[in-house]
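**Q** Please find one structure pasted underneath; my questions will follow.
All of the numbers you see were taken from the coordinates with simple rules; none came from a lab. As the structure is a computational prediction, the values presented were derived from the model and not from experiment. Quick reminder, even Gly has a Cβ in these numbers, built from the backbone with ideal geometry, and neighbours come from all protein chains shown.
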Amino acid sequence: MTALLQVEAIDVGYGHVGVLENVSLTVDQGSIVALVGSNGAGKSTLLRAISGLLRPRRGRIVFAGTDLAGAPPNRVVDAGILHVAEGRRLFRQQSVDDNLELGLYGARIARSNVAARYARVFELFPVLAERRRSRAGVLSGGQQQMLAIAQALMREPRLLMLDEPSLGLAPIIVDQVLEVLLRLRDGGTTILLVEQMVERALEIADFGFVLQNGRLIGQGPAAELARSDIVTSAYVGAKQHN
């Protein structure tokens with residue numbers, strides 16, 4: 001497979017506090033890659049570095065052949081990387097339709113293509129079509145998560161990064177969200193998934209990486225990682241470290 005994203009030996013931190021050290025990973029085009037590890041392992045920090053919210057202290061972030069390390073977030077979005085952050089960060093006083101339209105802010109596309117993008121996200125998330133006039137703040141947690149993903153999909157990203165999409169959701173809603181991720185992958189969207197529900201993440205992923213205390217300690221095909229002790233050791237080791 002062709003590598004779409006290559007993170008090469010990056011160090012990332014906040015101020016004088018280091019979080020990631022010498023982290024490298026590859027995300028192949030058309031795949032789902034799971035990034036797992038305990039709380040505080042550095043998973044969200046890695047997504048923020050890729051999306052331009054944090055500047056790596058060293059290393060490269062190469063997307064489709066271009067080094068984006070340190071690039072501003074708008075350039076990263078324009079390159080085709082969309083980051084759905086943890087916590088469903090929506091414009092809660094605005095309608096579903098308005099939030100979807102805001103997902104297109106700054107995009108240069110024909111109005112005819114806009115209609116097709118609305119149709120696509122409503123096909124993936126029919127409940128949003130039913131609630132399109134409702135304020136985002138009155139939606140259920142699951143519907144808000146669907147809207148956050150749909151907002152990113154309005155840009156038709158080449159790489160969709162998701163941070164804890166199952167957080168706080170009922171199991172049946174988690175199933176629906178993960179099923180959509182599989183459909184997106186089958187349609188050609190590449191996905192980098194950070195998820196605390198490790199078994200579920202590795203179940204749908206093609207490949208996985210394991211972070212512990214800011215360092216990469218394991219990687220491999222998702223099915224093999226699911227059968228290995230690496231993931232368990234990452235969580236046990238993190239608790240002992242803390």
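**Q** Rounded, prolate or oblate: which fits the stretch 168-207 when a ≥ b ≥ c are the square roots of the eigenvalues of the alpha-carbon gyration tensor, with rounded for a/c under 1.5 and prolate only if a/b beats b/c?
**A** oblate
**Q** Could you give the dipole magnitude of the chain about its Cα centre, charging the beta-carbon of Lys and Arg +1 and that of Asp and Glu -1, in debye to the nearest 20?
**A** 780
**Q** Could you calculate the contour length gain from Glu179 to Tyr14, that is, 0.36 nm times the residue separation minus the distance between their Cα atoms, to one decimal place in nm?
**A** Here the answer is 55.9 nm.
**Q** Only four residue types carry charge here, +1 at the Cβ of Lys and Arg and -1 at the Cβ of Asp and Glu. Report the dipole size of the stretch 1-111 about the Cα centre in Debye, rounded to the nearest 20.
**A** 220
**Q** Still on this model: Let me check I've understood the local charge: for Arg55, count other residues with C-beta under 11 angstrom from its C-beta, Lys and Arg +1, Asp and Glu -1. What total comes out?
**A** +2
**Q** Fewest to most neighbouring Cβ within 10 Å: what's the order for Phe122, Phe209?
**A** Ascending Cβ contact count within 10 Å gives the list Phe122, Phe209.
**Q** Still on this structure, I have one more. With charges only on Cβ, +1 for K and R and -1 for D and E, what is the dipole size of the stretch 93-156 about its Cα centre, in debye, rounded to 20?
**A** Around 120 debye, computed over the stretch 93-156.
**Q** Here's something else I'd like to know. With both bridge residues required to lie in the chain, what share of the DSSP beta bridges run antiparallel, to the nearest 5%?
**A** 55
**Q** May I ask you to list the residues of the stretch 167-194 whose amide nitrogen lies under 16 Å from a point 7 Å from Cα along the Cα→beta-carbon direction of Arg89?
**A** Only 194 fall inside the zone, counting backbone N under 16 Å.
**Q** Could you compute the net charge surrounding Glu21? Neighbours are other residues with a C-beta less than 13 Å from the C-beta of Glu21; K and R count +1, D and E count -1.
**A** After counting each charged neighbour, the total is +2.
**Q** What is the list of residues in the stretch 136-152 whose amide nitrogen lies under 20 Å from a point 7 angstrom out from the Cα of Asp98, following Cα to Cβ?
**A** 136-141, 143-152
**Q** Checking the a/c ratio against 1.5 first, then a/b against b/c, what shape does the Cα gyration tensor give for the stretch 88-190?
**A** oblate
**Q** Sum up the charges of everything whose Cβ sits under 9 Å from the Cβ of Val36, counting Lys and Arg as +1 and Asp and Glu as -1, but leave Val36 out.
**A** Local net charge: 0.
**Q** By its C-alpha gyration tensor, with a ≥ b ≥ c as the square roots of the eigenvalues, how is the stretch 1-106 shaped: rounded for a/c under 1.5, else prolate for a/b larger than b/c, else oblate?
**A** It comes out prolate by the Cα gyration axes.
**Q** If the label point is 7 Å along Cα→Cβ of Glu130, which residues in the stretch 144-177 have backbone nitrogen under 17 Å from it?
**A** In the stretch 144-177, the label zone of Glu130 (backbone N under 17 Å from the point 7 Å along Cα→Cβ) covers 144-147, 170, 172-177.
**Q** Which of Phe122, Val27, Ile172 sits farthest toward the positive end of the charge dipole of the chain, with +1 on the Cβ of Lys and Arg and -1 on the Cβ of Asp and Glu?
**A** Positive-end residue among those listed: Phe122.
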